[in-house]
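Working notes, structure below.
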Amino acid sequence: MGTLEGKVAIVTGASRGIGAGIALRFAAEGAKLVITARSLEPDGKLPGSLNETAARIRAMGGEVHCVKADLADPVDRARIVPETIARFGGVDVLVNNAAWARFRPTREQMPKHAHQAFEINYFAPLELSQQAIPSMIERGGGWILNLSSATSRLPAAAPYDTTDRYFQFHVHSGPTIYGSTKAALERMSAGFAAELAASGIAVNTLAPVEAVASEGALESGTIDEGAHMEPLEAMAEAALQLCSRPQGELSGRCVLSLPLLRELGVVVRTLDGGEPLAGFTP
């Protein structure tokens, strides 16, 4: 029996990349999945789609329901939790993975793009969590996982080391608005975790150590495909640990994937849960 057997999990932004990987890994452990994205079919810009992720889950013998929803639209995203409850009877796990970024120097950011980043990266996870919590309490507990980013870290203060990679990243790539949304998400998650401890609901944030070579990240042009990468499977394995272990064991943490896996002594497996990932040690 898988560690998520009989559980119902929502994963946003699951048409490709980290979201698709988490959904597949959860399905391999027996979860019933509700996966969301803005479109069901390929968008012509990036490989992968919601229907393709669903097909891979069904090929593994899993149950899955797709919800086409634009998380920037409060009315649209308000359908996700009710539709999940109507389909599967409740919610046990919520993974807020979907994110939006436009990397530009802060002085050049248009207000509408900053607002969109906060709408998708902060307000959507907030509202989906608020909507899912009553069902989790009714079912005796649950897990909320918010996907963060290394960009939430503050750059070092003056006197500046202009050769520092993270300093250079801020100067040349413009991650400040995106990183601000993730910093806010981490603060919200830690507060939620304290508030919900007595209800048996774990709340955590998870980020890669630096970057995962997902389709969206590569398309943004802010990372190099060959540098500072970690496998998608490591993020999926870390997400599984944070959404299946006893709620009192791991909650209220803002963790990086590889250090967490080393701490727990967990082997990274392929997305179907079968074999250890060849040639990789956290």
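If I model a spin label as a point 7 Å beyond the Cα along the Cα-Cβ vector, how far apart are those points for residue 280 and residue 199 in nm?
3.4 nm
I want to check the label-to-label distance for residue 38 and residue 157. Put each point 7 Å from Cα in the C-beta direction and report it in nm to one decimal.
Placing both labels 7 Å along Cα→Cβ, they lie 3.8 nm apart.
Which order do peptides 85-95, 165-175 fall in by mean Cβ count within 10 Å, highest first?
The most tightly packed comes first, giving 85-95, 165-175.
What ranking, highest mean first, results for peptides 192-205, 38-51 when packing means the other Cβ atoms within 10 Å averaged over each residue?
Going from most to least packed, we get 192-205, 38-51.
Taking H as built 1.01 Å from N, whose amide H comes closer than 5 Å to the amide H of residue 100, not counting residues under 5 places away?
When sequence neighbours closer than 5 places are left aside, the close amide H contacts are 121.
HN-Hα J couplings of region 33-42 from phi, Karplus 6.51/-1.76/1.60, θ = phi - 60°, integer Hz, Gly and Pro as x?
With the stated coefficients, region 33-42 comes to 10, 10, 10, 10, 6, 6, 9, 7, 9, x Hz.
Simple spin-label model, 7 Å along Cα-to-Cβ: residue 263 to residue 58 in nm?
Between residue 263 and residue 58, the label points sit 3.9 nm apart.
Could you work out Rg/(2.2 N^0.38 Å) for the chain, with Rg from alpha carbons only?
0.96
Whole Å is fine, so just give me how far the alpha carbon centre of region 236-250 lies from that of region 109-172.
20 Å
How about region 58-120: which GluC sites (Glu not before Pro) there lie in a loop by DSSP and see at most 16 other Cβ atoms within 10 Å? List each step's numbers first, then the result.
Details: sites: 63, 83, 108, 119; in loops: 63.
Counting only loop positions with at most 16 other Cβ atoms within 10 Å, the GluC sites (Glu not before Pro) in region 58-120 are 63.
Bear in mind these aren't lab numbers, they're just calculated from the coordinates by the rules spelled out. On a predicted model such as this, the values are computed, not experimentally measured, just so you know. Neighbour counts run over all protein chains shown; Cβ positions are idealised from the backbone, glycine included.
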